[in-house]
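Only one structure is covered here, and it is reproduced in the block below.
The values are calculated or read from the model by the stated rules, or taken from the named source; none is laboratory data. Since we're looking at a predicted model, the values are computed, not measured. Ideal geometry is used to build each Cβ from the backbone, glycine not excepted, and the neighbour counts take in all protein chains shown. Please note that ligands, DNA and RNA were not included when accessible areas were found on the heavy atoms of the full protein model with its side chains. Shrake-Rupley method; radii C 1.70, N 1.55, O 1.52, S 1.80 Å.
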Amino acid sequence: MIRRSPYILLVLATCIWGGNFVAGKVLVLHIPPITLASLRWCIAFLCLLPFFGKQAWQLRTDFLRNWKMILFLSATGVAGFNTLTYVAVQYTGSINASLMNSATPIIVVILTWLVMKERFAWTALPGILISMAGVSWIISRGSLSALLSLSFNKGDLLMLVAVFCWSLYSVGMKKVAGRFPSSPFLLVQVAMALVLLIPLSLIEWGLKSPQIDWNPPLVTGLIYIGLFASIIAFLSWNRAIELVGPQRCAGFLNLIPMFSAIFATAFTGESLRLYHLLGAIWIVVGVYMTNYAMKKRQSRAAVET
């Protein structure tokens, strides 16, 4: 049932990524960003390999035939987005990072229109804008003056590049939807991402020579981002894209700041405020409006064809 319900899959993925945002913000204080991304995907690779390695090997001819697309997906969504995010939060605050991330749905709609030649989803824009307003309300803590006083730096630019990478990944996944079994396909993407990340992390390690205290909370955080945020969330997201397409999925990404606020309240001692609740209501209403508009549009297109 879960695999057939895109909405459950999307809420699950964004909930896990909300926790990943909180965990990653803490972990990057102790582990350099490229090394953190490499460790995350090494854990994911080692978890996937025993179960899906044989199937991936059997499909090697098909994967090799599509190596350019796999490289593109690995570079943008697996290696690129997460690494750039970890680097960005070293230079910018979580408020700015969340604000940049809320632009993803609009970018996905535009890219889908340009790349996949689908009609521009004008009817989805009101819902997207309402959910973005909810995100802005949460990250500004309900203060318009705080939102207007935000300044931007190179971390914000890196976050915008990360958002663009994720948007490209989402559209690319739709183009290959149904060609490969999801779990072996993710395994191959992770393997190729590690080919890109490990040399960079070795250079980073040589330049910074970090002293890492491998304490239980740190290891627990790594397991969370390596297992839940890298495998369960990715498989859920990619399956949802197969079912309903990237445009309808993109609006759900604005649930991530809402879940991040919930996890931060639960695990970091932050208080739940009225602006959290109001922002969450706007986000949920906006996501519902976006999904309803896209579903109605797709139904109309199916009738016309």
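For region 168-269, the share of accessible area belonging to carbon and sulfur comes to 70 percent (1.4 Å probe, ligands and nucleic acids excluded). For Leu218 and Val195, a Förster radius of 35 Å and the Cβ-Cβ distance give a FRET efficiency of 0.85, rounded to the nearest 0.05.
In Å, what Kirkwood hydrodynamic radius results for the chain from the alpha-carbon pair distances? Before the final figure, lay out each step's value.
Values: mean 1/r = 0.0506 Å⁻¹.
That comes to 19.8 Å for the chain.
Multiplying the residue separation of Ser143 and Lys68 by 0.36 nm and removing their Cα-Cα distance gives an extension gain of 22.4 nm.
Under the 0.36 nm per residue contour assumption, what length would be gained going from the current alpha-carbon distance of Ile281 and Tyr7 to full extension?
Working: separation 274, 0.36 × 274 = 98.64 nm, distance 1.72 nm.
That pair, Ile281 and Tyr7, stretches by 96.9 nm at full extension.
Of Phe252, Phe267, the order by accessible heavy-atom surface (1.4 Å probe, DNA, RNA and ligands excluded), from most exposed downward, is Phe267, Phe252.
Within the shell of other residues whose beta carbon sits under 13 angstrom from the beta carbon of Trp17, the net charge comes to +2, with Lys and Arg scored +1 and Asp and Glu -1.
Given Lys54/Lys295; Lys175/Lys295; Lys154/Lys175; Lys174/Lys296; Lys154/Lys208, which pairs have Cα atoms separated by over 30 Å? Where the Cα-Cα span goes over 30 Å, the pairs concerned are Lys54/Lys295; Lys154/Lys175.
The phi-based Karplus calculation (6.51 cos²θ - 1.76 cosθ + 1.60; θ = phi - 60°) puts the 3J(HN,Hα) values of region 53-69 at x, 5, 5, 5, 5, 5, 9, 4, 5, 5, 5, 5, 5, 10, 5, 5, 5 Hz, whole numbers, x for Gly and Pro. Straightening the chain between Val115 and Gln90 buys 5.7 nm, computed as 0.36 nm per residue apart minus the Cα-Cα spacing. Relative contact order, percent, of the chain when contacts are C-alpha pairs under 8 Å separated by at least 6 residues? For the chain, the relative contact order is 40 percent. Working note: 222 nm ellipticity from helices only, DSSP H runs with n ≥ 4, each -39,500 (n - 2.57), summed and divided by the residues of the chain, gives -24000 deg cm²/dmol to the nearest 500.
A Stokes-Einstein calculation at 10 °C with viscosity 1.306 mPa s, built on the Kirkwood radius of region 210-282 over Cα pairs, returns a diffusion coefficient of 107 µm²/s. Couplings 3J(HN,Hα) for region 212-228, derived from phi with the Karplus relation 6.51 cos²θ - 1.76 cosθ + 1.60 (θ = phi - 60°), are 9, 8, 7, 7, x, x, 5, 5, 4, x, 5, 5, 4, 6, x, 9, 6 Hz, where x marks Gly and Pro. Using a probe of 1.4 Å, the accessible surface attributed to Trp137 totals some 80 Å² when neighbouring protein chains are kept in position. Net charge dipole, the chain: roughly 860 debye, given to the nearest 20, about the Cα centre with Cβ charges of +1 for Lys and Arg and -1 for Asp and Glu.
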